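Laboratory data are not the source of any read-out in this text; all were calculated from the coordinates shown. Treat the numbers as computed from the prediction; the structure is a model and nothing was measured. Note: ideal-geometry Cβ built from the backbone for every residue, glycine included; neighbour counts use all protein chains shown.
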């Protein structure tokens, strides 16, 4: 019952639900107490509404944030409480006393201060929002960016300003109880003085040396840095907050490039969710600002997603454009017709090339280059059966439901519970790791409900296994691992705070230059953290793995087999050489399923009943008798390319070859200009440094 109410109210816990209920009940009680009148009942109800409101805001509750949509927002709630206090004073025959008029004047004045306060806060935030936000770009030596205002001034500022009425409310209630106006006037004075002080403290941050430079100055500084750094290869990305993983997976590859890399983002929310990197990062939300950046030295632009904003860079002719994607799978997204706008499309192996040929969407075979998957380097290959006698681990990693409602997108809705039930009841037993796609449940309520049921199944099975005498735990080893984990996390927290907390975008752009030694130590500690994490709980314990850590590839490395759906997860897991199963959720049949989906040709194919899981478990327990082992090896090379040269070597070679093509094209244009070609001469006015600017002008005047 409570869990249903929590889900319906969209609150995070029973405590949040209780706070919301108390706040909503508190206001009717306030009205009744004012009408009775009862000062003590009013004071108690007011205290409850203040505390509940503050708690819900501190928790960032969805419910309290949505109250403004039904005319019950934060300011309205405070106004109602103040009006009810005025009603209480009137019912107590204080309407002819000076304190009554003082209360009215105080509340009017306090609301009058809301306007300049709100305007100042918004103005400060706007002025400290950079036209171009950066990481690992030296702006500090080029422009002066002042420190951000103290966090306390801007964080939940409207709530803090409204809560200043607390002094007046307490003073007026004391006056009503004691029939002495001194406390009331004292409270009114404190409220108004603090309100005025809050406004005055904010004023210096909207003018003079406490404000960052204007947009033109910042853009000039970024251009100056670009001119000195001379980036050669750009990773371009645009998307929503939830899609940050699509660019994060390429950051390590960018760091390993032989050419000078640059990560170019279009949304601030992506920058906020970007993984740590040593590569320079520039976030340019405005299309016009992007078009005015000097990217004349860039020869190769890499695109991890097909999105509309790609056009802002695709129109630049001095660089070659490549679609690298964010996964290699048999989904329709892997053969998007939009891909033909790029100069080249890079795939992991031969399978990607064949997909485009079969799909016939306009991508020429000559424009496809096989470069492997550099991100797969952390995936370890090894025998399926644990050599140390531990309980085998099966990873269930379903993809999400997608946008089109196709039942074949995810196994979670139709098969998820069947898969997990069979795995937790397997004999001999196996451990189950469940790692759902981060988008699970964002489109389909059915998928979200299935995810919760699978989670509940595993939690129940884990609790039962904890009391099963067949499973023993080495308490000493677990304690040692947990101690290691605590030590590593403490050091990581220390390193995260070593540079000081960056209070806003301007400060982060100014100070976020990577410390390479610290960056390398963090990478080493994260590897140690991963090892300690898996040792910190029994190796037979079922787990639900969500969030960024541990990563999917870390789950691959501790798993002995995997169950998944048609997605890049399957193609990636093939790099491990371990057995895997894929669910035919759309029930198209084994032969058609294998014909349509290359990555499942060496898989155990599951129906929605999951009755075929025994074949996967047999392969885990007796790898020598695994009938699909040879096919997996052949499929791995077909999907992901050869092991030698390494994928990063192939990738670097592809970047260098395409950069030479771009340079050859640009030299050809220069030769035409030198030869007096009139069309080339006209083009010379926009090559190479002003190409983006001209493109922006063309976009604003499409008929010109």
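Remarks
- Here the extension length gained between residue 123 and residue 268 equals 50.4 nm, from 0.36 nm per residue of separation less the Cα-Cα distance.
- The stretch 264-294 residues near the modelled residue 230 label - backbone nitrogen below 17 Å, point 7 Å along Cα→Cβ: 294
- Degrees separating the helix 244-255 axis from the principal Cα axis of the chain, which is the longest one: 60 degrees
- Angle of helix 647-674 to the longest C-alpha principal axis of the chain, folded into 0 to 90 degrees and rounded to 10: 90°.
- Peptides 272-278, 316-322 ranked from most to least packed, by the mean per-residue count of other Cβ atoms within 10 Å: 316-322, 272-278.
- Sites residue 160 and residue 390, calculated FRET efficiency, Cβ-Cβ separation with R0 56 Å, nearest 0.05: 0.55
- The distance between label points at residue 215 and residue 311 comes to 2.0 nm (points 7 Å beyond Cα on the Cα→Cβ vector).
- Inter-centroid distance (Cα atoms) of the stretch 47-117 relative to the stretch 536-614, Å: 55 Å
- Compactness index (Cα Rg / 2.2 N^0.38 Å), the stretch 230-376: 1.00
- Ranked by how many other beta carbons lie within 10 Å on average, peptides 229-240, 624-635 from highest: 229-240, 624-635
- Between the beta carbons of residue 443 and residue 671, assuming R0 = 45 Å, the FRET efficiency works out to 0.30 to the nearest 0.05.
- The chain: angle of helix 98-127 to the longest principal axis, Cα-based, in degrees nearest 10: 20 degrees
- Global geometry of the chain, whether rounded, prolate or oblate, following the gyration tensor of its Cα atoms and the 1.5 cut on a/c: oblate
- Relative contact order (percent, whole number), the stretch 421-552, Cα cutoff 8 Å, 6+ residue spacing: 45 percent
- For the stretch 441-562: rounded, prolate or oblate by the Cα gyration tensor [a/c cutoff 1.5]: oblate
- Distance between the 7 Å Cα→Cβ label points at residue 523 and residue 93: 8.1 nm.
- The calculated FRET efficiency for residue 80 paired with residue 151, based on their beta-carbon distance and R0 = 30 Å, is about 0.50.
- Highest average packing first - 131-137, 352-358, Cβ atoms within 10 Å: 131-137, 352-358
- Only helical runs count toward this figure. For the chain, summing -39,500 (n - 2.57) over DSSP H runs of n ≥ 4 and dividing by all residues gives -16500 deg cm²/dmol at 222 nm.
- Percent of beta bridges antiparallel (DSSP, the chain, rounded to nearest 5): 10 percent
- Cα shape, the stretch 2-210, gyration tensor, a/c 1.5 rule: oblate
- Relative contact order computed over the chain (Cα-Cα under 8 Å; 6+ residues apart), in percent: 14 percent
- Extension gain (nm, one decimal) between residue 631 and residue 460, 0.36 nm per residue minus Cα-Cα: 57.9 nm
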